[in-house]
Every structure is written in structure tokens, then in C-alpha cells.
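Everything below concerns the one structure shown next.
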Amino acid sequence: MDIKYFDNAATTRVKEEVLKEMLPYFCEQYGNPSSIYGIGREAKRAIEQARKRVSELVNCKPNEIYFTACGTESDNTALKGIAYENKGKGNHIITTKIEHPAILNTCETLSKQGFRITYLNVDKDGIIDLEQLKNSITDKTILISVMFANNEIGTIQPIQEIAKIAKMYNIVFHTDAVQACGNVPIDVQKMGIDMLSLSGHKLYGPKGIGALYVKTGIKFQKFLDGGHQERDRRAGTENVAGIVGLGKACELARINMSKHINHLTSLRDYYISQIEKRIPYAKLNGAREKRLPGNSDFSFRFVEGEAILLNLDLKGICASSGSACSTGSTLPSHVLVAIGLSKELAYSALRTTFGEENTKEDVDYLIENLVEIVDRLRKMSPEYSEFIEMKK
């Protein structure tokens, strides 16, 4: 069966150009970057080239990039690193109710260690209130962490304005940009970002590699003890092939940014318009304009999202009901609850995230099947039948 993949927020395929650059570092240039002989120096050179490529994607200095194993490690390093480094100054951290579990669970751990966490509300589109942010700041606030773009509903936050507020109060500002990097332009200098997390497998690079941008002058405690890799900030022998792959993926994302955005935005807007036209009682979740170019999240009233997913899978269609990191949870999405959805609507959500390989024909195939599946499942729903009878 021909697979139609619409879950690029969960992961992306590794591009052939990326894999090609990675391969020599498994079996040919396999040296340890800490070694002084030839193949060790070659591995070190490859790492520094990748560091430069990552830095160019977000417009920072190469030495402000630290390689990690994933976005989750980057988030942990940022939050715990700043918290532990500044615990003598204060114990207050501000974040939002719609963050990725990598942020929320790290904050929960820190709260058990004496740190106080403020979770900002969001409006119906998933955007924070800047006034609430200002009013939440105290003389003990040491960190503000707000995700660049939400992984479920795709909403993009007013990052530059948040950074200005943080700077006004001399507070470190971190953003989880795992979903945003490679999908929208990011300039950490222009936007005033102090720390930023990104991940390779969200932008057509390999899994198991991520990076953390830390502005020069920002001090943080290291996350791992061991050797002196990553300028004594992240111990452990470097994942050279993964780092090379991340670097190449970032280079391709930077070069193809405009084309990428235009293509995904076109597919997204077409899909949204067709769903709203052809499926009644479908609700678009998240901001209509300020959202990631490939993201669409709909709640289909009277139908469970899991049932839709299972039926789509039978047609060779891959989509999602929310964050891949929350699969297995019996609770409704914390993001959808935070934007005010009822449990019924939260459980009926379907997230589609388009990628570079998707075509309009692919999206038409998704739409036709989704229209049929939702209609068929609703006809099996007593609640839907009662609703229709009441409307007569």
C-alpha cells in the first residue's frame, strides 16, 4: 500500500542529501573527535562545520551552539541549567500551560526542588497574554520559557515581544523552537532570544541529535558530568554522524526556507478550506493566521479522534491526534483543554502536518477519505443521531 504521510510534526524522513553526508562517519571517518590523529581531527572538523551550519539557520555565533541528544535534552539543559546556576538570585520560573512535556515535566521536577513555577494562560488561539506575563514577574524570577510554536495546534507566539519584556527585567528568555526551526525564519539576535532548543528529526535530519543555542554571557550549569566535550558543557563522546546530519539538514532548511513555507502554506490553506466546506461541525483549533505553515488541527464533533486515525491507517494515511510524545495517555490533550475545548472536542481532534514531499493530490486523497470516514462514524453515533433529530 502506498503510504501517505501527514505527521511531520512527529518526525520527518531523513533527506537523501543528509544521509549521504552522514554515511562516511560510520565506517570511514569513524575517529573520536577528541583524538589527535588524522581521522580524529577529521571528525572534529566535521563537527565544527556542522556547528557553523546550525548557527547560520538561527543567526548566531558558531560557539553559541551546543550539541545534545535531542530537543528534550536541550530543554532540560536550559531550564535546569539556568535554575541551578541562579538559585542564589531567585527561584521563580515562568512558562505556559501549552508547553511540550519536555518543559512541563522538567518544571514539575524543579518545583519539587523548591522552585516556584507560574503557568501562563493562553487564549482560544493558544497565544499568551503579554500583560499576564508582565504581572507574573517578581524580583525572584530567573527564567521565562515560552515555546516558539505549539506542536499540536501550530500557534506561533509573539516571541520578539516576550523577549523584550524579559530583557526589560534582566531575565533569561528560553524558547523551545523544536517545531519552528526549519519551518519559519528565526533570527535569535533580532528577536532577542537568549536560549533556544532545536531537534534534528523535525527538519529532515536524523533522530537522536539536537542542539541548544546559548547567547554569549549566559551562564548555565552543565547537565552531564564526564569528559570535557562541547567546551565542558555537555559531556560524552559526540554523535559525529548525527551532528553532521543535523548540520546538513539546517543548511538545506536555510537555503530552501521560502520555497518550503510557500508550499506547505498552500497545502495547509487548501486543506482547511476544503474541510470547513465539506465536513459540518468541524472546528479548526489554533490561530488561523499565526500558525506553522504545515499545521492543521481539527476537532470533529461526535467522532473520536482515535477512531478516525484507525480508519485513516487502513487507507494508508498517517496522521495524529496530538503530540507523539503523549501517545498512550488516557487524558485529553492539555493544549486543547488550555484553549477552552470541552473533553468531547479534545478527544475528537485530528492533527495533520504536511511536509515537503506532500502534493495537492495527496491532500485530496486525505480529504476524500476523511469526509467519508467522519460521515460513516457519525452515522454510528447515538449522540449524533439525537443531535440531528433535535435540529429537525
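Computed over the Cα atoms of the range 120-187, the ratio of the radius of gyration to the Kirkwood radius (Rg/Rh) comes to 0.96. Averaging 1/r across all pairs of distinct Cα atoms in the range 1-78 and inverting the result yields a Kirkwood radius of 15.1 Å. Heavy-atom accessible area with a 1.4 Å probe sorts 263, 174, largest first, into 263, 174. Working note: Cα gyration tensor of the chain, eigenvalues times five, square-rooted, sorted largest first, giving semi-axes of 37, 27, 17 Å. Separation of the alpha carbons by more than 18 angstrom is noted, of 80/140; 124/190; 61/222, for 124/190; 61/222. Relative contact order of the range 233-320, taken over Cα pairs closer than 8 Å and 6 or more residues apart, is 20 percent. For the listed residue pairs 167/259; 52/134; 15/315, the alpha carbons are over 27 angstrom apart in 167/259; 52/134. With the whole protein complex present, residue 351 retains an accessible surface near 0 Å², based on a 1.4 Å probe. The alpha-carbon atoms of the range 72-132, seen along their principal axes, cover 35, 24, 17 angstrom, with the largest extent given first.
Per residue, the convex hull spanned by the alpha carbons of the range 158-251 comes to 103 Å³.
The share of accessible area on the chain that comes from carbon and sulfur is 52 percent, using a 1.4 angstrom probe. Pairs of alpha carbons in the range 244-392 separated by more than 25 Å make up 33% of all such pairs. Each part reduced to its alpha carbon centroid, the range 64-125 and the range 342-359 end up 27 Å apart.
In a simple Cβ point-charge model (Lys, Arg +1; Asp, Glu -1; nothing else charged), the chain has a dipole of about 980 debye relative to its Cα centre. Dipole of the chain (Lys/Arg Cβ +1, Asp/Glu Cβ -1, origin at the Cα centre): which of 311, 98, 295 lies farthest to the positive side? The listed residue farthest towards the positive side: 98.
Look at the alpha carbon pairs under 8 Å that are at least 6 residues apart: their mean separation over the length of the chain gives a relative contact order of 23 percent. Rg and Dmax of the range 40-148, both derived from C-alpha coordinates alone, stand at 16.7, 53 Å.
Computed on the range 233-392, with alpha-carbon pairs under 8 angstrom and 6+ residues apart, the relative contact order is 27 percent. From most to least packed by mean Cβ count within 10 Å, the peptides 94-102, 372-380 give 94-102, 372-380.
Between 165, 151, 182, the Cα set farthest toward the positive side of the dipole of the range 138-196 (charges on each charged residue's Cβ, about the Cα centre) is that of 165. Dipole orientation for the range 214-264: of the candidates 247, 226, 261, 261 has the Cα lying most toward the positive pole (charges on Cβ; Lys, Arg +1; Asp, Glu -1).
The values are calculated or read from the model by the stated rules, or taken from the named source; none is laboratory data. Here the structure is a predicted model, which means the values were calculated and not measured. When we count neighbours, we look across all protein chains shown, and the Cβ atoms used for this are built from the backbone with ideal geometry, even at glycine. All accessible areas refer to the heavy atoms of the entire protein, side chains included, with ligands and DNA or RNA removed. Shrake-Rupley method; radii C 1.70, N 1.55, O 1.52, S 1.80 Å.
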